[in-house]
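Engineer: So that we are looking at the same thing, I have put the structure below in structure tokens.
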Amino acid sequence: MASTVILGSGVIGVSTAYYLSQHQPGSTIHLVDSSPELFASASGYAGGFLAKDWFPASLIPLAKLSYELHKKLAEKEGGREKWSYAKSVTVSYDPKGERTDGKRGEDWLLEGTSRAGLVQDRKREIKDDEIPPWLKRVDSDAVSLVDDGEGTAVLDPLKLCEFLLEKCKAAGVNLHYPATPISVGTNAHGELASLRIGYSNSSTTIDIPATRLLIASGSWSPKVLDSLFKTSRVKIPIQSLAGHSIVIKNPRKAGKISHSLYCSLDTYAPEIYSRPNGDIYVAGFNSSTIPLPNPATGSTQLEDHLDELKRTAKWLIHSDKELQVVRTGLCFRPVAPRGTPYITRLSDRDLGQGIKTKPGREGGVFVSAGHGPWGISLSLGTGMIMAEMMQGREVSTDVSTFGWQELAPKL
């Protein structure tokens with residue numbers, strides 16, 4: 001029986017472990033995370049917006065699979081109560097009227113435009129009962145309906161991750177944290193056989209059986225690959241994009257309908273999601289210059305960014321009293337410049353150091369990273385596909401275009 005080690009216990013890692021554990025003993029699966037606090041970055045602090053088809057053509061099959069898996073899991077396990085899953089009426093809001101500068105959603109990460117620009121052609125006139133009841137409108141604004149709730153949804157990523165982790169642990173999956181991968185070990189045939197990890201809260205090191213290894217460490221994935229396979233001929237071209245967020249209490253009683261609101265301002269494009277548990281998530285202030293911390297808990301939130309989000313919330317959310325901030329956050333999204341994630345097996349030739357892996361379903365070094373701002377939305381589909389790929393089963397949708405074709409050789 002192959003022993004599987006997953007480096008990174010964020011939403012991609014725990015989703016993969018969850019689906020792996022349905023087809024192999026949980027005791028043969030190990031989750032390893034270097035952070036002293038789990039889900040301390042994007043997996044715990046993202047907005048939790050789900051979309052069925054707001055993607056490039058190559059990603060839509062995976063996106064649709066993942067969207068349906070989110071829906072089915074929520075229906076089966078009580079997702080509305082446990083992780084605030086709900087269909088979302090999605091709205092585009094422009095306080096100064098529709099933009100005429102030609103900027104569209106494809107460039108929203110770099111240009112500060114609205115994510116809703118990805119589906120610009122779907123906007124239609126909105127009905128009064130579809131407008132978020134908490135939205136404070138101004139004269140001459142433009143409000144459009146983007147999705148009526150059949151193709152978009154929201155959830156609390158932290159609660160989803162905690163649920164998946166508990167399911168994994170109940171199945172016998174091993175969790176190691178805070179622990180850092182040190183080196184890989186091989187058997188007499190030069191095949192990957194183990195992983196040595198060191199616990200950062202003690203001087204303890206252990207060797208974990210590992211014939212299959214998955215790097216799913218988000219923005220930290222390039223560093224993990226480089227540290228374990230120092231002579232590997234490729235590196236993962238993933239950039240880190242930092243984003244602050246705040247969560248406030250909905251000043252009005254949360255209704256049956258949740259909303260996602262995308263807004264275009266002069267300086268940035270806020271994203272506001274109301275959840276069925278009474279939380280409203282506000283984000284959209286992004287930066288590529290904030291350095292990636294190590295570990296994830298080493299980041300320092302910038303007060304000016306948080307203050308800007310609070311001002312935006314006060315301006316856009318109607319309340320008769322001061323808005324109550326219940327949480328602030330800073331997360332780092334792993335962005336692949338090509339616009340699609342890496343979901344693939346690394347060839348033995350690419351590993352370097354003369355390391356081989358057992359053929360077929362018994363071995364392999366895999367990477368699942370670079371989901372950018374869509375990690376939560378694509379998480380369950382990615383986890384299922386990754387588990388199928390590692391276990392040598394037929395994959396639920398084709399991910400052959402998410403391989404290493406565009407990886408640059410090391411200099």
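Engineer: Can you pull the accessible area of Arg361 for me, 1.4 Å probe, Å² to the nearest 10?
Structural biologist: Ignoring ligands and nucleic acids, Arg361 comes out at about 130 Å².
Engineer: In Å, what Rg and Dmax follow from the Cα atoms of segment 287-353?
Structural biologist: Every Cα atom of segment 287-353 included, Rg and Dmax give 19.3, 65 Å.
Engineer: May I ask you to compute the full-extension gain from Arg349 to Ser400, defined as 0.36 nm times their residue separation minus their alpha-carbon distance, rounded to one decimal in nm?
Structural biologist: On the way: separation 51, 0.36 × 51 = 18.36 nm, distance 1.84 nm.
That works out to 16.5 nm of additional length.
Engineer: Could you tell me the accessible area of Ile126 in Å² (1.4 Å probe, neighbours in place), rounded to the nearest ten?
Structural biologist: The value for Ile126 is about 20 Å².
Engineer: Further question: Quote the FRET efficiency, to the nearest 0.05, computed for Trp315 versus Lys169 with a Förster distance R0 of 56 Å and r equal to the Cβ-Cβ distance. Please list the in-between numbers first.
Structural biologist: Values: r = 43 Å, r/R0 = 0.77.
After rounding, the FRET efficiency stands at 0.85.
Engineer: With the crude spin-label approximation of a point 7 Å out along Cα→Cβ, what separation in nm comes out for Asp139 versus Arg361?
Structural biologist: Distance between the two pseudo-spin positions: 6.9 nm.
Engineer: Projecting each Cα onto the charge dipole of segment 264-411 (Lys/Arg +1, Asp/Glu -1 at the beta carbon, about the Cα centre), which of Ser396, Leu316, Thr357 comes out farthest on the positive side?
Structural biologist: Farthest along the dipole direction, towards plus: Thr357.
Engineer: Please work out how much length the chain gains when fully extended from Asp266 to Ser58, using 0.36 nm per residue of separation minus the C-alpha to C-alpha distance, in nm with one decimal.
Structural biologist: On the way: separation 208, 0.36 × 208 = 74.88 nm, distance 3.18 nm.
Fully extending the segment from Asp266 to Ser58 adds 71.7 nm.
Engineer: To continue, here is another question. Skipping prolines and chain starts, which residues have an amide H placed within reach, meaning under 5 Å, of the one on Leu31, given they are 5 or more residues away or on another chain?
Structural biologist: Ile6, Asn174, Leu175, His176
Engineer: Here's a follow-up. What accessible area per residue comes out for the chain, rounded to a whole number of Å², with a 1.4 Å probe? All intermediate terms of the calculation are to be shown ahead of the outcome.
Structural biologist: On the way: 17230 Å² over 411 residues.
Value returned for the chain: 42 Å² of accessible area per residue.
Engineer: Suppose the Debye formula is applied to equal point scatterers at every Cα of segment 253-325; what is log10 I(q)/I(0) at q = 0.20, 0.22, 0.24, 0.25 Å⁻¹?
Structural biologist: -0.98, -1.09, -1.19, -1.23
Engineer: Then there's this: Give a residue-ordered list of calculated ³J(HN,Hα) values for segment 331-336 (Karplus: 6.51 cos²θ - 1.76 cosθ + 1.60, θ = phi - 60°; whole Hz; x for Gly, Pro).
Structural biologist: These are the phi-based 3J(HN,Hα) values: 10, 10, 8, x, 9, 8 Hz.
Engineer: Using every Cα-Cα pair within segment 263-375, state what percent have a distance larger than 18 Å. Write out the running numbers ahead of the final one.
Structural biologist: Values: 4218 of 6328 pairs.
Of all Cα-Cα pairs in segment 263-375, 67 percent lie more than 18 Å apart.
Engineer: Once phi is turned into ³J(HN,Hα) by the Karplus curve 6.51 cos²θ - 1.76 cosθ + 1.60 with θ = phi - 60°, what whole-Hz value does each residue of segment 158-169 show in order, with x for glycine and proline?
Structural biologist: In residue order, the calculated couplings are 4, 5, 5, 4, 5, 5, 4, 5, 5, 5, 5, 5 Hz.
Engineer: Sorting Met384, Met390 by accessible area (1.4 Å probe), largest first, what list results?
Structural biologist: Met384, Met390
Engineer: Please compute the modelled spin-label separation between Glu150 and Glu75, points set 7 Å along Cα→Cβ, answer in nm with one decimal.
Structural biologist: Result: 1.5 nm between the two label points.
Engineer: So who's got an amide H within less than 5 Å of the one on Arg333, skipping anything under 5 residues away but keeping other chains? H placed 1.01 Å off N, in plane.
Structural biologist: Here Leu241, Ala242, Gly243 satisfy the definition.
Engineer: What whole number of Å gives the distance from the Cα centroid of segment 120-196 to the Cα centroid of segment 1-68?
Structural biologist: Here the answer is 9 Å between Cα centres.
Engineer: Among Ser299, Ala254, Phe285, whose Cα sits farthest toward the positive end of the charge dipole of segment 248-309 (+1 at Cβ of Lys/Arg, -1 at Cβ of Asp/Glu, about the Cα centre)?
Structural biologist: In segment 248-309, that residue is Ala254.
Engineer: Right, another one. For segment 20-92, which GluC sites (Glu not before Pro) are in a loop by DSSP, counting at most 13 other Cβ atoms within 10 Å? Please list the in-between numbers first.
Structural biologist: On the way: sites: Glu37, Glu68, Glu75, Glu77, Glu81; in loops: Glu37.
Sites meeting the loop and neighbour criteria: Glu37.
Engineer: Another question about this same structure. Structure shown: which of Lys64/Lys123; Lys87/Lys167; Lys256/Lys314; Lys52/Lys314; Lys72/Lys310 lie over 28 Å apart, alpha-carbon to alpha-carbon?
Structural biologist: Values: Lys64/Lys123 20 Å; Lys87/Lys167 24 Å; Lys256/Lys314 23 Å; Lys52/Lys314 31 Å; Lys72/Lys310 35 Å.
Check vs 28 Å cut-off fails for Lys52/Lys314; Lys72/Lys310.
Engineer: Over all alpha-carbon pairs of the chain, lay out the pair-distance distribution in 10 Å bins, whole %, shortest bin first.
Structural biologist: Binned Cα distances yield the sequence 5, 23, 33, 23, 12, 4, 1, 0.
Engineer: Next up: Between Tyr199 and Asp129, what is 0.36 nm times their sequence separation minus the Cα-Cα distance? Round to one decimal in nm. Could you put the intermediate results ahead of the total?
Structural biologist: Values: separation 70, 0.36 × 70 = 25.20 nm, distance 5.34 nm.
Taking 0.36 nm per residue and subtracting the Cα distance, the gain is 19.9 nm.
Engineer: For the full complex of protein chains and a 1.4 angstrom probe, list Thr300, Thr205, Thr28 by accessible area with the highest value first. Walk me through the numbers before you get to the answer.
Structural biologist: Details: Thr300 100, Thr205 75, Thr28 25 Å².
Final ranking, largest accessible area leading: Thr300, Thr205, Thr28.
Engineer: Sequence gap at least 6, Cα distance under 8 Å: using those rules, report the relative contact order of the chain to the nearest whole percent.
Structural biologist: Numbers: 953 pairs, mean separation 105.0, N = 411.
In percent, rounded to a whole number, it is 26.
Engineer: Can you compute the modelled spin-label distance between Ser183 and Ser287, with each label point 7 Å from Cα toward Cβ, in nm?
Structural biologist: Taking the two extended label points, one gets 3.9 nm.
Engineer: Note down the accessible area of Ile206, probe 1.4 Å, to the nearest 10 Å².
Structural biologist: 60 Å²
The values are calculated or read from the model by the stated rules, or taken from the named source; none is laboratory data. Not measured: the values here are computed from a predicted model. Cβ: placed from backbone, ideal geometry, glycine included. Neighbour counts: every protein chain shown. Areas reflect the complete protein model, heavy atoms only, side chains present, ligands, DNA and RNA absent. Shrake-Rupley method; radii C 1.70, N 1.55, O 1.52, S 1.80 Å.
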